1. What number, in percent, do you get for the relative contact order of region 38-89 if the mean sequence gap of Cα pairs under 8 Å and at least 6 apart is divided by its residue count?
2. What is the gain in length, in nm to one decimal, between Glu147 and Asn119 on full extension, counting 0.36 nm per residue of separation less the C-alpha to C-alpha distance?
3. Give the peptides 71-81, 54-64, 11-21 in descending order of average Cβ contacts within 10 Å, highest first.
Amino acid sequence: MRRAMEILKIEESQWHDFKVESLCLPLEDGLISKKDPASFTWLIKPNRNEKITKVVVCIAQAGKATFILNRKAEILNLLKNGTCVVLADLRDSGESESSDFRLPESIAIENAMKLWQMNESLIGYRVKDLRSVLLQISKRKDLDVSEGLYLWGEGFTAANGKIDDIFRFE
């Protein structure tokens, strides 16, 4: 039985001249989470009375905090031009990431293997999580995505991965 999708607003704050809503979006019941799976999401929008018609959803394995640190200027530019920016942590990324390492013995690989053994995949769950985030955005009364709902994905690692004593790509 599916749970009702209810967004929990954790807090509201300001970032520069923009309104930030910290949201917790419950997701489909998970197989790899010790607690209820959720997408911890920041919704940042200009302080305007009219509906916002452009929304950019940002995702990265490193999470929303790393995304905003690495792309602050671009995000501020979008906001100044009236675009709402949504930064979401999908399952096992950002705040909910189980491990920093992608080595064979890591928890992240173990979780992915558990899902694979049940004919599921972590990437499949992340796609479902993203669809849940997009659905909730499209239902908001203060947003009208008629002019565009855009997806911005980033990877903040070197092209060949981390090079150090533990793990080396040759």
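Each value in this text was obtained by applying a stated rule to the coordinates, not by laboratory testing. Treat the numbers as computed from the prediction; the structure is a model and nothing was measured. With ideal geometry, Cβ positions are generated from the backbone for all residues, glycine too; neighbour counts draw on all protein chains shown.
1. 59 percent
2. On the way: separation 28, 0.36 × 28 = 10.08 nm, distance 3.76 nm.
Extra length from Glu147 to Asn119 when fully extended: 6.3 nm.
3. Details: 71-81: 15.0, 54-64: 21.1, 11-21: 13.1.
Ranked by mean Cβ neighbours within 10 Å, highest first: 54-64, 71-81, 11-21.
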